[in-house]
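Participant: Let me give you the structure first, and then I'll get to my questions.
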Amino acid sequence: MTRHNVALVLSVIVAMQAVAVGVLGLRGGFSSLANWTRAPAPMRRVQSLEEWQALLARDPKPGTLVPEQTAPDESGGLHRIPAPARPVGLLFVDRCSSCVSDTLTRWDRVQRGHPEADLFVVPAAADARAIREFKREYGVSVRFLTAGCESLSGVLNPFFPPRAYVCDATGRLACVQPPSASAAAGITQASAHLSGTLPRPARQWKDGRP
């Protein structure tokens, strides 16, 4: 990515961030703003060109071994991530809201089409009750991880979400959605990996936004 493209992407990020903060302030008041600012550092919007470049440099490559951990879902069930002898898909999002309902519905369809895999959503702001209400409203059945994902975030570096990742049955990354790819393209790529087919290159927006 050239310096010009990075600068263009950064300007779009800053504009989107300003709009997001304004919407949260209007719709959710100070509580929503506080939750947004408490998001883990790897999942916050980048603030400068230098931060963007540093985050890009830390992005994991396919083949990276993901350390195993146990994390609860919104119903209290415990899951080993990555799962032994099963592929695992992880979709990182800022929060559960109507803004990402289409993305989560698409991810849910991937889970329904690949019962041999364990797919999860990892929200930055995880409230089990709010997640259950969201799932009922949008008819989503895919599971959400609600805690204990700090080490996953540290390894996967999921800045600029939504971002999709797939670990193979050995616990290594098989698919990493580029930060400049659309969420739909990243999910399509993840589904292709789970199907055992060669993925198409992740779609890049003309203006550099994901």
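The values are calculated or read from the model by the stated rules, or taken from the named source; none is laboratory data. Being a predicted model, the structure only gives us computed values, none of them experimental. A quick note on method: Cβ atoms are made from the backbone with ideal geometry, for glycine too, and the neighbour counts reach across all protein chains shown.
Participant: Consider segment 110-140. How many of its residues are closer than 22 Å to residue 169 by Cβ, of a type in the set (D, E, K, R) and either surrounded by fewer than 20 Cβ atoms within 10 Å (Cβ to Cβ) or not assigned by TED's automatic domain parsing to the domain that holds residue 166 (or both)?
Facilitator: Residues that pass the stated criteria total 2.
Participant: While we're here: Return yes when residue 202 is in contact with a Ser or Thr (Cβ under 8 Å, 6 or more places away or on another chain), among the aliphatic types (A, V, I, L, M) and modelled with pLDDT under 95 and no when it is not.
Facilitator: So residue 202 passes the test.
Participant: Also, I was wondering about something else. Regarding segment 70-87, can at least one residue be identified that is surrounded by 14 or more Cβ atoms within 10 Å (Cβ to Cβ) and either among the small types (Gly, Ala, Ser) or modelled with pLDDT under 55 (or both)?
Facilitator: Looking through segment 70-87, at least one residue is surrounded by 14 or more Cβ atoms within 10 Å (Cβ to Cβ) and either among the small types (Gly, Ala, Ser) or modelled with pLDDT under 55 (or both).
Participant: Picking from 159, 92, which residue would you name as being touching a strand residue (DSSP E or B) at 6+ places or on another chain (Cβ under 6 Å), among the aromatic types (Phe, Trp, Tyr) and either under 20 Å from residue 189 (Cα atoms) or not in a helix (DSSP H, G or I) (or both)?
Facilitator: The conditions single out 92.
Participant: Taking segment 120-153 as the region of interest, how many residues are in a helix (DSSP H, G or I) and within 13 Å of the chain's Cα centre (by Cα)?
Facilitator: So the answer is 2.
Participant: Another one. Quick one: how many residues across segment 112-158 are farther than 23 Å from residue 86 by Cβ, small (Gly, Ala, Ser) and at pLDDT 90 or above?
Facilitator: Within segment 112-158, residues that are farther than 23 Å from residue 86 by Cβ, small (Gly, Ala, Ser) and at pLDDT 90 or above number 1.
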